[in-house]
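Colleague: What follows is a structure written as structure tokens; I'll ask about it next.
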Amino acid sequence: MNWMSLREKHDKEHVLEWIRTFSDQCIEAVYYGKKLRVKKRKID
């Protein structure tokens, strides 16, 4: 059995790809978080 067939068999949700790109996802989240502007409101 080769790597690709094992990956196709056991990683149906593509978790390995998600882990591989995790650092890029974090950078993107920080970028969008800094752009987000939330209105300040008083909470009753």
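Colleague: How many residues does the stretch 30-44 hold that are outside any loop (DSSP other than H, G, I, E, B) and of a type in the set (A, V, I, L, M)?
Modeller: 1
Colleague: If you scan the stretch 1-29, which residues turn out to be at pLDDT below 95, of a type in the set (D, E) and either loosely packed, with under 10 Cβ neighbours inside 10 Å or assigned to a helix (DSSP H, G or I) (or both)?
Modeller: E8, E13, E17
The values are calculated or read from the model by the stated rules, or taken from the named source; none is laboratory data. Given the structure is predicted, the values throughout are model-derived calculations rather than measurements. Here Cβ is always computed from backbone atoms with ideal geometry, including for glycine, and neighbour counts include all displayed protein chains.
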